[in-house]
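Participant: One structure, as structure tokens, below. Some questions next.
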Amino acid sequence: MCDALGKQAYATSKKLQQSVESLTEEVRKLETEHKKLSNAGNANIDEFIHLSSSTTKVHRLIARAMKTEEAQALAQLRSLENRVTDIKTKAVKQIGAVSKYDVEEIQQEAKDELLDEVIAVLKEELDPKTFSKVARILNEHFGRDEN
């Protein structure tokens, strides 16, 4: 009977170690992906959203493992949980930064297009001398070089 319990304990311990090892590998993959996206400089918002989603899935797996694992593995799992939380936080911040940049860029493009339309209408309606003065004033006000 002791032999059977010893084998069961060994199997449980081995399963536990494999579980922690596989979760550690998943966290390493997430860290590598985050580093790659952060260093790329041209990563788009979808890539950071995907990374954020992946971290949520791994975090869920770690939380499940924490419910069933023994005390010796809990410290390792807590460490993995903290690493995943860190990656998730950074990814979400970068999503915000990318989103803000995109919004500002879109707003600037809209302003430029509107200014171009206004200048085109004024060019048709004003005499050349007046148009030149008005176009200069508008371009200076909006920080653009004259067309």
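The values are calculated or read from the model by the stated rules, or taken from the named source; none is laboratory data. Worth saying up front: this structure is predicted, and the values here are computed from it rather than measured. Neighbour counts are summed over all protein chains in view; Cβ atoms, including those assigned to glycine, are modelled from backbone coordinates with ideal geometry. Areas reflect the complete protein model, heavy atoms only, side chains present, ligands, DNA and RNA absent. Shrake-Rupley method; radii C 1.70, N 1.55, O 1.52, S 1.80 Å.
Participant: Going through the stretch 23-47 one residue at a time, which ones are over 15 Å from S79 (Cβ atoms) and at pLDDT 90 or above? Full working, then the answer.
Facilitator: So the first thing to find is which residues in the stretch 23-47 are over 15 Å from S79 (Cβ atoms), and the list is 29, 32-47.
If the condition is that a residue be over 15 Å from S79 (Cβ atoms) and at pLDDT 90 or above, then K29, T32, E33, H34, K35, K36 are the ones that fit.
Participant: Please specify each residue of the stretch 58-107 satisfying the condition of being farther than 15 Å from N44 by Cα, surrounded by 11 or more Cβ atoms within 10 Å (Cβ to Cβ), charged (D, E, K, R) and modelled with pLDDT under 75.
Facilitator: Answer for the stretch 58-107, where residues must be farther than 15 Å from N44 by Cα, surrounded by 11 or more Cβ atoms within 10 Å (Cβ to Cβ), charged (D, E, K, R) and modelled with pLDDT under 75: just E69.
Participant: Turning to a different aspect of this structure: Evaluate the stretch 122-139: report whether one residue or more is charged (D, E, K, R), open to solvent by less than 100 Å² (accessible area, probe 1.4 Å) and more than 18 Å from the chain's Cα centre (by Cα).
Facilitator: Checked the stretch 122-139: at least one residue is charged (D, E, K, R), open to solvent by less than 100 Å² (accessible area, probe 1.4 Å) and more than 18 Å from the chain's Cα centre (by Cα).
Participant: I'm told D46 meets every condition in (1) under 9 Å from the mean Cα position of the chain (by Cα); (2) open to solvent by less than 80 Å² (accessible area, probe 1.4 Å) except one. Can you identify the failing condition by its number?
Facilitator: Of (1) under 9 Å from the mean Cα position of the chain (by Cα); (2) open to solvent by less than 80 Å² (accessible area, probe 1.4 Å), only one is false for D46: (2).
Yes/no matrix, rows are residues, columns are (1) among the aromatic types (F, W, Y); (2) closer than 15 Å to L23 by Cα; (3) without any contact (Cβ under 8 Å) to a residue 60 or more places away in the chain:
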{"position": "I45", "(1), (2), (3)": "no, no, yes"}
{"position": "F48", "(1), (2), (3)": "yes, no, yes"}
{"position": "L51", "(1), (2), (3)": "no, no, yes"}
{"position": "K57", "(1), (2), (3)": "no, yes, yes"}
{"position": "R60", "(1), (2), (3)": "no, yes, yes"}
{"position": "A65", "(1), (2), (3)": "no, yes, yes"}
{"position": "T68", "(1), (2), (3)": "no, yes, yes"}
{"position": "A75", "(1), (2), (3)": "no, yes, yes"}
{"position": "T85", "(1), (2), (3)": "no, yes, yes"}
